[in-house]
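Structure first, commentary second.
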Amino acid sequence: MKQSFIFLALIVALAGCRGGKLPVSEANADLLYEKHHYYDAAQMFEKLLKKEKDEEEIKTYTEKLADCYMQISNFQSALVNYRKVMDFYPDKPEYIYIYADLLMSNDRYEEALGYLETYQKEVPGDKRTAKKMAICKQAISINVGGSRFNVTTVADINSRFNDYCPSVVDGDLYFTSDRSGSTGGQRYEKFGNYYADIYQSEINGLSLSNARQTSGSVNTNENEGTTAFNCQGNVMIFTRCHGAGFDSTCALMVSTRDGGNWKKPEAIEFSMSDAYMYGHPTLSEDGKTLIFSSNMPGGYGGHDLYVSRKQGGRWSKPENLGPKVNSGGDEMFPYLLDDKTLYFSSNGHAGFGALDIFVSINKKDRWRNPENLLPPINSGGDDFGICYDRDNPEMSNGYFTSNRRGSQGDDIYRFDIVTPPLCTVCGTVYDNKTKKALGQSTVYLTDLGTGKPVYTMTDRNGQYCMKLLYERDYMMDAYKKYYANNQPKPRFDTRNLNFQKKFRQDFYLDKWTIEEIEIEGILYDLNSAELRPESKEILDSLSSILTIHYYLVVELSSHTDCRGTVEYNDNLSQQRAESCVNYLIGKGIPKERIVPKGYGEHRLLNDCACEGEEGKGLDCTEEQHQQNRRTSFQILRTDFERSEDAVYGEPYSDPEGN
């Protein structure tokens, strides 16, 4: 486990010792390796190996290269190189054990079991082997599809850098990232990435958007991350690390929110140390109990979990959580769910690879033996930093971090609790007249509780399958370019289901007639461009039409009555058209699809024309003038191309082909 990285104790560049500045040589590669600049050292060893001919030098370089990749948790590259090392040194069984361990880190448990059996014959006295073999056998036997957790990657915010330690507050997902653009812009040499900052992203149903650095004074040129919040969301405790290499120290920092910004933080007094690491905070619901991880003296292993309580405005002396929770390894990333349920990560308790996530229950003020959450939450890689979405009243989903196979580094994953197992709805979309299947049709599912839609596309045979979450009330619809669904919208209810169920729903669509359509109800008060409440409801309907028929580009045409000068009415009508457009943009319709156009008094619907003190319009009633103060829309084009980020969901492949 990359302890220094996980604690945000990330290495500061040594003066004159950057891999990118040093010429390629064995001496410089060894220097980088000895200074724990593993990322740059690995790059240099790779270059040396490409031109080296001496067999003994190749062995030495490969052995160090493999260790570099191991140190930066690049398990795939470490696996490739330790395979070579194992073949180079057949008389050193310790490499068989390391290789088996790396196979586990890559979720290749059957192969790992074979190498562990070989190692056991070579070193029968190693007590670690039997535990590893038992874990491999358990992993092989687990049916991930039957788990109550459904795990998906959060592609919206994950980058090619490390993104980790999520926490949810006030509709935002806070997380830590060492991506480019961090405060100060410096790299740390051990892993080759940038100093970490705290980021946040808006949660929109199953998607996240607008990932950005947290505003205020929490981010600095040093490493910040791993946040915890009180229930009100106005107090943040996080980790800040400083120093170079393995001499890094970390402190717990407290910041309060001032409007939309976080104020300059202050360190918790007991964590102000020049020798130890204090980090990974989690708070109780009342904000008065703090659990964190530290490598201070007196623990049971490397990093242990401790508790401190707020008394009289100050935090008490930390107390170790004891041997039930803490092991001879590292316990980190605690998360208190309800003051009685503690999640944390450990490489000391029996796990499936590197760090695994465990849960311990507090009964009668004692923490019970922790239980492994098992796959698919845990994997062969590092799994840590779990949290639940506290904004979800049902507490049925959350997030965690993993560098499992398929990740770009440390990535954030979402988990959903599926009880009972996954329900689905499948069907076919047809042309209502010809009864032919309509491929590339769009089917969408709306959660009536949240109003959030999820979309999928039919295959070339017009078929689709979609996931249904438990305890939901859904409405469905389908559409295709130049088609509309004129049938009643079906509903599906998964509430109170105690078993897996597969729903069937076919759709029959009618050809859609394209013509100019007036938006009934978009009327205005005299001399006003302000939208009335009832007009906003009509625009909401138009927003739905434009969302469904994503290929339409329309003109919003606004008009006035005859009163006022021609120039005044031209300007007023343009303002009215733009007020409608701005409202629709606020609903998520791209501005490129809506053209505002004010026609003033040039397109009256009746004979109420006037200019100055002349014209029939002077004798018209207010009701007749109101007819002319309107907005309509007409379709300009049907060729708008939806961008990739406008895809709202993904299809579900029915494993049984139904």
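No lab work stands behind these numbers, since they all come straight from the coordinates. Remember, it's a predicted structure, so these values are computed and weren't measured experimentally. Virtual Cβ from ideal backbone geometry, glycine too; neighbours counted across all protein chains shown.
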Seminar exercise, completed: Percent of all alpha-carbon pairs of segment 356-417 at distances over 13 Å, whole number, is 66
Exercise. Which whole-Hz ³J(HN,Hα) couplings does segment 200-212 yield from phi under the Karplus relation 6.51 cos²θ - 1.76 cosθ + 1.60, θ = phi - 60°, glycine and proline marked x?
Worked result: 8, 9, 7, 8, 10, x, 8, 10, 10, 8, 6, 5, 8
Exercise. Got a sec? Which residues in segment 346-368 would a label at Asn320 touch, if it sits 7 Å along Cα→Cβ and we count backbone N under 18 Å?
Worked result: 346-349, 366-368
For this session: Kindly provide the trypsin sites (Lys or Arg not before Pro) of segment 157-196 that DSSP labels as loop, not H, G, I, E or B, and whose Cβ sees at most 14 other Cβ atoms within 10 Å.
Result: Arg160
Exercise. Distance in nm between label sites at Asp126 and Thr565, each 7 Å beyond Cα in the beta-carbon direction?
Worked result: 9.2
Problem set entry | Value of Rg to Rh for the chain (Rh from inverse mean 1/r over Cα pairs, i.e. Kirkwood) | 1.07
Exercise. Mind checking the log10 I(q)/I(0) for segment 149-417 at q = 0.07, 0.08, 0.16, 0.17 Å⁻¹? Debye, one equal scatterer per Cα, no solvent, two decimals.
Worked result: -0.21, -0.28, -1.32, -1.55
Exercise. Can you run phi through the Karplus equation (6.51, -1.76, 1.60; θ = phi - 60°) for segment 465-480 and list ³J(HN,Hα) in whole Hz, with x for Gly and Pro?
Worked result: 9, 9, 7, 10, 7, 5, 6, 10, 10, 10, 10, 10, 7, 9, 7, 8
Problem set entry | Gyration tensor (alpha-carbon) shape descriptor, segment 136-210, a/c threshold 1.5 | oblate
Problem set entry | Estimated [θ] at 222 nm from DSSP helical runs (n ≥ 4, -39500 (n - 2.57)) normalised by residues in the chain, nearest 500 | -7000 deg cm²/dmol
For this session: Show the residues, 5+ positions off or on another chain, whose built amide H is closer than 5 Å to the amide H of Ile522.
Result: Thr631
Exercise. Hey, what D do you get for segment 517-637 in µm²/s if you plug the Kirkwood alpha-carbon radius into Stokes-Einstein at 37 °C and 0.692 mPa s?
Worked result: 226
For this session: Select from segment 523-560 those chymotrypsin sites (Phe, Trp or Tyr not before Pro) which occupy a DSSP coil region and have at most 11 other Cβ atoms within 10 Å, ordered by residue number.
Result: none
For this session: Evaluate Rg over Rh across segment 376-459, taking Cα atoms for both radii and Kirkwood's formula for Rh.
Result: 1.12
Exercise. Taking a 27 Å limit on the Cα-Cα distance, which of the listed pairs Lys502/Lys536; Lys264/Lys340; Lys288/Lys364; Lys53/Lys121; Lys317/Lys363; Lys50/Lys92 fall beyond it?
Worked result: Lys502/Lys536; Lys264/Lys340; Lys53/Lys121
Seminar exercise, completed: Semi-axes in Å, largest first, for segment 427-503 (Cα gyration tensor, √(5λ)) are 24, 13, 11
Exercise. Tilt of helix 566-586 relative to the longest C-alpha principal axis of the chain, in degrees (0 to 90, nearest 10)?
Worked result: 30
Problem set entry | In range of the label at Thr638: residues from segment 455-476 whose backbone nitrogen is under 12 Å from the point 7 Å along Cα→Cβ | none
Exercise. For the pair Lys47 and Gln76, what calculated FRET efficiency results from E = 1/(1 + (r/R0)^6), where r is the Cβ-Cβ distance and R0 = 25 Å, to the nearest 0.05?
Worked result: 0.80
Problem set entry | Förster radius 35 Å - calculated FRET efficiency between Glu269 and Arg83 (Cβ-Cβ, nearest 0.05) | 0.10
Exercise. Applying the Karplus parametrisation 6.51 cos²θ - 1.76 cosθ + 1.60 with θ = phi - 60° to the phi angles of segment 542-557, what ³J(HN,Hα) value in whole Hz is obtained for each residue in order, glycine and proline being reported as x?
Worked result: 5, 4, 5, 4, 5, 5, 5, 9, 5, 8, 7, 10, 10, 10, 9, 9
Seminar exercise, completed: Applying the gyration tensor rule to the Cα atoms of segment 55-164 (axes a ≥ b ≥ c; rounded if a/c under 1.5, else prolate if a/b exceeds b/c, else oblate), the class is oblate
Problem set entry | Neighbour-limited loop hits for GluC sites (Glu not before Pro), segment 559-624 (at most 10 other Cβ within 10 Å; DSSP other than H, G, I, E, B) | Glu613
Seminar exercise, completed: Checked segment 46-119 with the C-alpha gyration tensor, a ≥ b ≥ c its square-rooted eigenvalues, rounded below a/c of 1.5, otherwise prolate if a/b is larger than b/c and oblate if not; verdict oblate
Exercise. Based only on Cα atoms, what Rg/Rh ratio does segment 271-420 have, Rh being taken as Kirkwood's radius?
Worked result: 0.96
Problem set entry | Where labels lie 7 Å past Cα in the beta-carbon direction, separation of Lys536 and Leu448 in nm | 2.4
